[in-house]
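Down below is the structure, laid out as structure tokens.
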Amino acid sequence: MANIKLKEISTRAPKDWNKEETKENLASILAKLNELQNLLYAESQHAILVILQGMDASGKDGVVRKVFTSMNPQGVRVHSFKVPTAEEFSHDFLWRIHGVAPPKGIIQLFNRSHYEDVLVTRVHKLIDEKTVKKRMKAINDFEQLLQEHNNTRILKFYLHISPEEQQERLQERIHDPTKQWKYNERDFEEAKLWDDYMAAYEDCFEYCNDVPWTIVPADQNWYKEHVIAEALLKTLQKLDMQYPGLKKG
Ligand code: AMP
Ligand code: MG
């Protein structure tokens, strides 16, 4: 995806998109996902890795809650990546990532990911540009390793919100008692670096697109959830899985 300009891509559903129909459709997709996840687990031939990236308040947690709770928790795992611990920091940047890559039969969600290592670290100039390029190459190789050597299908989603929507959601965190726990005053400081983050994301889309990114318009949760659920459904359907039948011996 060369020359993507995020500013030129809408953060909202296409005009006249039907919200009620989309919500109904989502319910039927979630039911199908539940069945296919059971089959994925039973067959245990493929692993699925779903990467969620996006600015603060872009709705990553909401995707986990609304799309992935329709499936059996026995076969779905979530890992949220935070600022690296001292131990994590003493290893290469992919060490903590590889340790939670999905085994066959499992759907693994990454709430943030190895991309933070070429986003937040780059924007804050904690690494130089030469290191960014090297890390991007390492990321491409790593994703290829998971695909080729553990039958992993990787889906990468960028939750695309507008800066205005982000401000509204951050404000909501101050006032809504059910959201106050998410409030982090540093988020307002990060938001000021918006253009630098967008440039860093655009480079990820350009240089780490061997496994393609999906840019998800994310100002409206109902639309965002539908796009992600549908992409996951299509991926699972294409695997052409079979129940293994009775175990021999
Ligand atoms: P949250 O998603 O609100 O729980 O915040 C997690 C924080 O951890 C965010 O500010 C991320 O930018 C930060 N973070 C995650 N991974 C890394 C990383 N590899 N290096 C530095 N900061 C990170
Ligand atoms: Mg946060």
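The values are calculated or read from the model by the stated rules, or taken from the named source; none is laboratory data. Since this is a predicted model, take the numbers as computed values, not measurements. All Cβ positions, even for glycine, are placed from backbone atoms using ideal geometry, and neighbour counts span all protein chains on display. Protein only, heavy atoms only, side chains kept; ligands, DNA and RNA dropped before computing areas. Shrake-Rupley method; radii C 1.70, N 1.55, O 1.52, S 1.80 Å.
In nm, to one decimal, how far is the residue 31 label point from the residue 129 one, both placed 7 Å along Cα→Cβ?
Those two pseudo-labels are separated by 5.4 nm.
Over 10 Å intervals from 0, what percent of Cα-Cα pairs in segment 14-237 sits in each interval?
It works out to 7, 31, 37, 21, 4, 0, in whole percents.
Taking a probe of 1.4 Å, how large is the accessible area per residue of the chain, in Å²?
Spelled out: the 1.4 Å probe surface of the chain, per residue, equals 55 Å².
Once the Cβ-Cβ distance between residue 185 and residue 16 is put in as r, and R0 is 45 Å, what FRET efficiency do you end up with, to the nearest 0.05?
Here the calculated transfer efficiency is 0.70.
Taking R0 as 30 Å, what's the FRET efficiency between residue 248 and residue 89 from their Cβ-Cβ distance, rounded to 0.05?
Given R0 = 30 Å and the Cβ-Cβ separation, E is 0.05.
Using a 1.4 Å probe on the protein heavy atoms, what percent of the accessible area of the chain belongs to carbon and sulfur?
51
Over what distance in Å are the Cα centres of segment 69-96 and segment 106-120 separated?
Rounded to whole Å, the Cα centres lie 8 Å apart.
Equivalent-ellipsoid semi-axes (√(5λ), Cα gyration tensor) for segment 117-249, whole Å, largest first?
The three semi-axes for segment 117-249 are 33, 24, 14 Å.
Near the amide H of residue 51, under 5 Å away, which other amide H atoms are found, from residues 5 or more places off or on another chain, if H is placed in the peptide plane?
The answer is 110, 155, 156, 157.
Hey, if you drop one equal point scatterer on each alpha-carbon of segment 66-172 and run the Debye formula without solvent, what base-10 log of I(q)/I(0) do you get at q = 0.19 Å⁻¹?
Once normalised to I(0) and log-transformed, intensities are -1.17.
Show me the chymotrypsin sites (Phe, Trp or Tyr not before Pro) within segment 152-210 that DSSP assigns to loop and that have at most 16 other Cβ atoms within 10 Å of their Cβ.
Here the chymotrypsin sites (Phe, Trp or Tyr not before Pro) that fit, given the DSSP loop and packing criteria, are 183.
Using the beta-carbon distance between residue 141 and residue 175 and R0 = 51 Å, what value does 1/(1 + (r/R0)^6) give for FRET efficiency, to the nearest 0.05?
After rounding to 0.05, the efficiency reads 0.65.
Among the aspartates and glutamates, which have Cα under 20 Å from the Cα of residue 32 when same-chain residues fewer than 8 positions away are ignored?
Cα-Cα hits under 20 Å: 20, 21, 24, 43, 225, 230, 240.
Using 7 Å Cα-to-Cβ label points, what is the residue 195/residue 69 separation (nm, one decimal)?
So the label points at residue 195 and residue 69 sit 4.0 nm apart.
Is there a pair in 7/182; 156/224; 19/192; 66/238; 104/156 whose C-alpha atoms are over 25 Å apart, and which pairs would that be?
7/182; 19/192
Kindly provide the helix-only [θ] at 222 nm of the chain, computed as the sum of -39,500 (n - 2.57) over DSSP H runs of four or more divided by all residues, to the nearest 500 deg cm²/dmol?
When only DSSP H runs of four or more count, the value is -14500 deg cm²/dmol.
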